[in-house]
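Trainee: Right, I'll just put the structure down here and ask away after.
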Amino acid sequence: MPSKKRFKTGYPGVYYTEAANKIKGKPEKIYYILYRKGGKLVEEKAGRQKRDDMTPARAAKLRGMKVDGEKRTNQERREQEQAEVREREGRYTLKKLWDEYDRQKTNFKGRLPDRSRFKLYIEPEFGKKTPAEIITLDVDRLRLRMLKDKSPQTVKLVLSLLKRLINFGVRKGLCPMPDPAKLSIEIPPVDNIKTEDLSNDQLKALLKAIDEDSNIEVARMMKLVLYTGMRRGELFRLKWDHIDFERNFILLDDPKGGVSQRIPMTGAARELFNSHERTKSPFVFPGKNGNQRTDVRTPINRIKKKAGLPESFRPLHGLRHVYASMLASSGKVDMYTLQKLLTHKSPQMTQRYAHLRDDALRQAANVAEDIIMGAMEDKKQGKVLQLPNKF
């Protein structure tokens, strides 16, 4: 409290001191109030004469409000402000949840697209809000707005990320579980199962375009997909020490499912590797300066165009579908084996090819039926039944 000379006013508990005005340098009155709160004497600054337009009457009114509890003491106000600062600092908004999530998910393969989804769609809407401050109506509005010019799959991925962030915060103890009566994030079902296939003529045209293209590395990458069903990222990460020539296996290091797996190396794949030139790079199909390859769009689209394939056909991913379709339609590969060859995490992912296998089995069954029906017809005509040696 002030050590300067105090001057009384005509109001009880109100006094002032004099000090130079900080701007003009002229003397200015600074008013103080005295009162008791909770049995303790409280002495507080009420305000400056010029800067705060403070008068004895206003100081007395302020004192009365504090005595009656209508206004907090300056100490209580400072403590409240400090508490609010601490609460804001510890308050986990969606932006803070994302920052923590992004720091911890360093090996998550969807990290970059998730960053984009958060920045474009979630942060503008909910970045400053905590999960408890978001209601179902907010999410519904975001979904409807996005559906005007975004695909259902994009909307699904954005809402899935929003739900994943909130669940992450709850699991880590960073925020409480939102009241389900106030917030419900429904992930819309999306029928985006796309099984790409090529006819025999299209496949022949593609193989011809592959053989005639000047980019040998990309041509061999495309053939390797047809021989093994490998994914695009697995091709990019493939190193020479991942290939076991002794046991005829290929190691898929850090694949989409997250756990390294081995797939069999066919004779055609082995021949491809044997004829492929090795460089100083550890990668089988290196990119610039021997580093891991990141893109093949230009040569691969050139090959696709030359083969006359549909614009919607995705060359590498589509060839993986072709590989799976060929195995399934052969009728010689069961769904469990196909799942393992494709390194699918669940049988549901492989189920899209089940109808091809069923078609092959029906065709096989029809062969037997044709033989029996032919034999019965011969019998009616009095011919000797001659069933094949191999039935």
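Trainee: Hey, what does the equivalent ellipsoid look like for the stretch 94-171, semi-axes from the Cα gyration tensor as sqrt of 5 times each eigenvalue, largest first, whole Å?
Mentor: Value: 20, 16, 10 Å, ordered largest first.
Trainee: Please list, ordered by chain and number, the residues whose modelled amide H lies under 5 Å from the amide H of Leu252; skip anything fewer than 5 residues away on the same chain.
Mentor: Here Gln261, Arg262, Ile263 satisfy the definition.
Trainee: Could you order the peptides 289-297, 223-231 from most to least packed, using the average number of other C-beta atoms within 10 Å per residue?
Mentor: Numbers: 289-297: 12.8, 223-231: 21.4.
The densest-packed peptide leads the list: 223-231, 289-297.
Trainee: Next up: Using every alpha carbon pair in the stretch 92-241, what percent of pairs falls into each 5 Å bin from 0 up to the bin containing the largest distance?
Mentor: Spelled out bin by bin, the stretch 92-241 gives 2, 8, 14, 15, 13, 10, 9, 9, 8, 7, 4, 2, 0 percent.
Trainee: Tabulate in residue order the Karplus-calculated ³J(HN,Hα) for the stretch 128-138, using 6.51 cos²θ - 1.76 cosθ + 1.60 with θ = phi - 60°, rounded to whole Hz; enter x for Gly and Pro.
Mentor: With the stated coefficients, the stretch 128-138 comes to 8, 9, 8, x, 5, 8, 9, 10, 4, 4, 4 Hz.
Trainee: While we're looking at this one, here's another question. Distance cut-off 32 Å, Cα to Cα: go down the list Lys61/Lys128; Lys208/Lys280; Lys66/Lys128; Lys163/Lys305 and report the pairs above it.
Mentor: Numbers: Lys61/Lys128 39 Å; Lys208/Lys280 30 Å; Lys66/Lys128 34 Å; Lys163/Lys305 41 Å.
As for pairs spanning more than 32 Å Cα to Cα, those are Lys61/Lys128; Lys66/Lys128; Lys163/Lys305.
Trainee: Short version: ³J(HN,Hα) in whole Hz for each residue of the stretch 226-239, in order, from phi by Karplus 6.51 cos²θ - 1.76 cosθ + 1.60 (θ = phi - 60°), x for Gly and Pro, what are they?
Mentor: In residue order, the calculated couplings are 5, 7, 10, x, 5, 7, 4, x, 5, 5, 5, 8, 4, 10 Hz.
Trainee: What are the residues whose amide H is under 5 Å from the amide H of Asn21, where those residues sit 5 or more places off or on another chain and H is modelled from the backbone?
Mentor: Here the answer is Lys26, Glu28, since their amide H atoms fall under 5 Å of that of Asn21.
Trainee: What list of ³J(HN,Hα) values in whole Hz, one per residue of the stretch 93-101 in order, does the Karplus curve 6.51 cos²θ - 1.76 cosθ + 1.60 (θ = phi - 60°) give from phi, with Gly and Pro shown as x?
Mentor: The phi angles translate into 6, 4, 5, 5, 5, 5, 4, 5, 4 Hz.
Trainee: Can you pick out the pairs among Lys306/Lys345; Lys223/Lys306; Lys129/Lys156; Lys239/Lys340; Lys105/Lys129 whose Cα atoms lie more than 28 Å from each other?
Mentor: Working: Lys306/Lys345 35 Å; Lys223/Lys306 16 Å; Lys129/Lys156 21 Å; Lys239/Lys340 21 Å; Lys105/Lys129 22 Å.
Distance filter (> 28 Å) returns Lys306/Lys345.
Trainee: Going by a ≥ b ≥ c, the root eigenvalues of the Cα gyration tensor, does the stretch 200-354 fall in the rounded group (a/c under 1.5), the prolate group (a/b larger than b/c) or the oblate group? Kindly include the intermediate steps, with their values, before the conclusion.
Mentor: Numbers: a/c = 1.61, a/b = 1.08, b/c = 1.49.
Oblate shape, in that a/c is at least 1.5 and b/c is the bigger or equal ratio.
Trainee: Moving on. Check Lys71: other-chain or 5+ apart residues with amide H under 5 Å from its amide H, H built from backbone geometry?
Mentor: Hits under the 5 Å cutoff: Lys66.
Trainee: Could you please rank Val259, Val322, Val284, placing first whichever residue has the fewest other Cβ atoms within 10 Å of its Cβ?
Mentor: Working: Val259 10, Val322 21, Val284 25.
Fewest to most other Cβ atoms nearby, the residues stand as Val259, Val322, Val284.
The numbers here are math on the coordinates, done by the rules we state, and not lab data. The structure presented is a predicted model; accordingly, all values stated were derived computationally and were not measured. When we count neighbours, we look across all protein chains shown, and the Cβ atoms used for this are built from the backbone with ideal geometry, even at glycine.
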